[in-house]
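Some notes on the structure that comes next.
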Amino acid sequence: METKIAFFLALALTFPLSGCGVVDSGATFVPEAFRQPTHKAEIEQPPDVHLIVRNKMSEIFTAAAEPTDISLSFPVPAQYGGWTTCAKAVAKGVTGVQCRPR
């Protein structure tokens, strides 16, 4: 009698959980067979920012700025995808005076 009750109880819990789709992979109260498989994220390699800056110099600085002493930080993953980096350079400002990074 107890095995029938346990079977029907398990069956009663299985149908509502499986009727809504797959359960979150982090749910610990559900057997692993009913959980969604975990996503294995690929580790993306950081871009070569030195090459990007060298090839796109006219898009970053105007020709009148005449940038020198350009330094770039190592790219770090951005919060919502992609990469972010910091670029510093000695360049002429709009007034023609050289601006130096701090």
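Within region 33-58, residues that are loosely packed, with under 10 Cβ neighbours inside 10 Å have Cβ atoms under 6 Å from residues that are modelled with pLDDT under 75 in these pairs: T38/S25, counting only partners at least 6 apart in sequence or on another chain.
When A78 is tested against the conditions (1) free of Cβ contacts under 8 Å to residues at least 12 places away in the same chain; (2) out of contact with any strand residue (DSSP E or B) (no Cβ under 7 Å at 6 or more places or on another chain), the lone failure is (2).
For region 59-69, which positions are touching a residue at least 24 places away in the same chain (Cβ under 8 Å), of a type in the set (G, A, S) and either exposed (fewer than 13 other Cβ atoms within 10 Å of the Cβ) or assigned to a strand (DSSP E or B) (or both)? Of everything in region 59-69, just one residue is touching a residue at least 24 places away in the same chain (Cβ under 8 Å), of a type in the set (G, A, S) and either exposed (fewer than 13 other Cβ atoms within 10 Å of the Cβ) or assigned to a strand (DSSP E or B) (or both), namely A64.
Each row is one residue, and each column tells you yes or no for (1) among the hydrophobic types (A, V, I, L, M, F, W, C); (2) assigned to a loop (DSSP other than H, G, I, E, B); (3) modelled with pLDDT of 90 or more.
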| site | (1), (2), (3) |
| --- | --- |
| K4 | no, no, no |
| S18 | no, no, no |
| T28 | no, yes, no |
| R54 | no, no, yes |
| S71 | no, no, yes |
| F74 | yes, yes, yes |
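Among the numbered conditions (1) of a type in the set (A, V, I, L, M, F, W, C); (2) modelled with pLDDT under 80; (3) more than 26 Å from the chain's Cα centre (by Cα); (4) surrounded by 10 or more Cβ atoms within 10 Å (Cβ to Cβ), the only one that V22 does not meet is (3). Of the residues in region 71-86, not one is over 18 Å from the mean Cα position of the chain (by Cα) and over 30 Å from E42 (Cα atoms).
The values are calculated or read from the model by the stated rules, or taken from the named source; none is laboratory data. Note that the coordinates shown come from a computational prediction; the quantities given were computed from them, not determined experimentally. Counting neighbours? That spans all protein chains shown, and the Cβs are built from the backbone with ideal geometry, glycine included.
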